[in-house]
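The values are calculated or read from the model by the stated rules, or taken from the named source; none is laboratory data. Because the structure is predicted, anything quoted here is derived from the model rather than measured. A quick note on method: Cβ atoms are made from the backbone with ideal geometry, for glycine too, and the neighbour counts reach across all protein chains shown.
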Amino acid sequence: MDRVILHSDLNNFFASVETLYNPKLRGTPMAVLGDPEARHGIVLAKNNEAKAYGIATGDAMWQAREKCPSVVFVPPHYDRYVTYSKAVRQIYSQYTDLVEPYGLDECWLDVTSSTNLFGSGIEIADKIRDNVRKSTGLSVSVGVSYNKIFAKLGSDMKKPDATTLIDKNHFKQRIWGLPASDLLYVGRSTSSKLKKHGIVTIGDIAKTNPEILRSLLGKHGTTLWNFANGYDNSPVLNFDSRSVIKSVSNSTTPPRDLVTEEDVKITLTLLAESVSSRLRDYGYICKTVTVSIRDCELCRYERQAQLEIPNRTAQSLMKTAFALYKNNKPDKPIRSIGIRASGLIPFGYVQESMFEEVNKIQKREDLEQAVDKIRAKYGYFSVRNGTVLSDRDLSALDAKEEHVILPFGFQAQN
């Protein structure tokens, strides 16, 4: 028996929530905008009226204003979004306990075992849409399929407030003609690489020799071939599995572009301290460090390396991340940068070792734990790394404010 998987996507989520709080915004081109003073002045969400003018998520404020001079900008209210996100997930839990969040506004649901109680996948999707609308005032689009990838494609195909089925017998007709970029984890960089080789649709990916895709994209190429051919068997994780942390990451958009190595070193030091402290909070050390960089033209890439000895010291994280940056310097100034620690394993008591490097790591761990305690008592800025004090603007960043935990397995590829 095929699984019955839903992907539920709240339509224009941030903008829709803002409209609930301010009904006067309804019918007016409106966009939720990050803080321009902190250089986060990009469109985070927009309503359908703004979308009709061509305003897109990620547009800078001036670009949105150029497309629609009358657009109304509102600041984000994340507490509201979290409240509504939780309320909608409670509705999902009435139909299945297998609910896997993908951000605040999206979830996968495995309703295979619920069909005997609530009807077919389409019927369950329609009930969910109706329930969400009546209970919260929000609308949701739902994709129905036999795997997670096609379910998400379905939720994207028709909006707002729609149910779309992609079944096993007709998926080729439904999706193979869609652009390759519509497939989950095909970002701008991946799409550009594929296009250079004449691979422009999902069907092109499906019909390309997987070895060719692997030569172009590494393991990711094989993954995309499986996705395009409907071979995704990944499970929908129970919402309670969110507590199983797969990685800890932190990124920031500094108050100015990073141009020099010293700029990058200061910023990576702050990020490494944040990630290191969080790893101690959660009781993990890491085996892998990834640095993600987005330049001033919004081109993004990631590079990763294995630590010789798994640990969680900020010193090791920063040293590894900075080496990755130096070996993969972008041609243009850096707009945002991040560090991710993955390959997590529980931290245990480390006995004195005959190996000098292990002992150095343990001594550094003890020192950083002491710093954590001081900061917990007197505030983050009570103890500062000397490296960051040479630049007033960058050293003022409290990187913890942008901390992100990534617990759900998949990582986007761009």
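Taking the range 1-30 as the range and being surrounded by fewer than 17 Cβ atoms within 10 Å (Cβ to Cβ) and over 27 Å from Pro235 (Cα atoms) as the test, the residues that pass are Leu20, Tyr21, Asn22, Pro23, Lys24, Arg26, Gly27, Thr28.
Annotation: of all residues in the range 84-106 being within 23 Å of Ile42 (Cα to Cα) and not aromatic (Phe, Trp, Tyr), the one that is surrounded by the fewest Cβ atoms within 10 Å (Cβ to Cβ) is Gly103.
Only one entry of Lys158, Lys219 meets the criterion of being loosely packed, with under 15 Cβ neighbours inside 10 Å, outside the structural domain of Arg3 (by TED's automatic domain parsing) and of a type outside the set (Gly, Ala, Ser), and that entry is Lys219. Of all the numbered requirements in (1) over 25 Å from Asp2 (Cβ atoms); (2) of a type outside the set (A, V, I, L, M); (3) free of Cβ contacts under 8 Å to residues at least 24 places away in the same chain; (4) buried (at least 17 other Cβ atoms within 10 Å of the Cβ), Arg174 misses one, and that requirement is (1). When the range 185-204 is limited to residues that are within 25 Å of Ser8 (Cβ to Cβ) and buried (at least 19 other Cβ atoms within 10 Å of the Cβ), the one that is modelled with the lowest pLDDT turns out to be Val186.
Considering only residues in the range 228-254 that are at pLDDT 80 or above and not in a loop (DSSP other than H, G, I, E, B), the one that is farthest from Pro346 (Cα to Cα) turns out to be Ala228. In the range 1-85, counting only helices (runs of 4 or more DSSP H) that sit wholly within it, the ones holding 1 or more residues that are within 21 Å of Ser135 (Cβ to Cβ) span 13-21.
Of the helices (runs of 4 or more DSSP H) that lie entirely inside the range 118-227, those containing 3 or more residues that are acidic (Asp, Glu) span 121-136. Can Asp295 be described as surrounded by 15 or more Cβ atoms within 10 Å (Cβ to Cβ), touching a Cys at 6+ places or on another chain (Cβ under 7 Å) and at pLDDT below 90? Criteria not met by Asp295. All conditions but one from (1) touching a Lys or Arg at 6+ places or on another chain (Cβ under 8 Å); (2) closer than 30 Å to Ala60 by Cα; (3) not aromatic (Phe, Trp, Tyr) apply to Leu270; the one that does not is (1). Filter the range 257-281 for residues that are touching a residue at least 60 places away in the same chain (Cβ under 8 Å), under 23 Å from Ala376 (Cβ atoms) and surrounded by fewer than 20 Cβ atoms within 10 Å (Cβ to Cβ) and give the result. Within the range 257-281, just Arg280 meets the criteria.
Any residue in the range 314-330 that is in a strand (DSSP E or B) and assigned by TED's automatic domain parsing to the domain that holds Asn250? Checked the range 314-330: no residue is in a strand (DSSP E or B) and assigned by TED's automatic domain parsing to the domain that holds Asn250.
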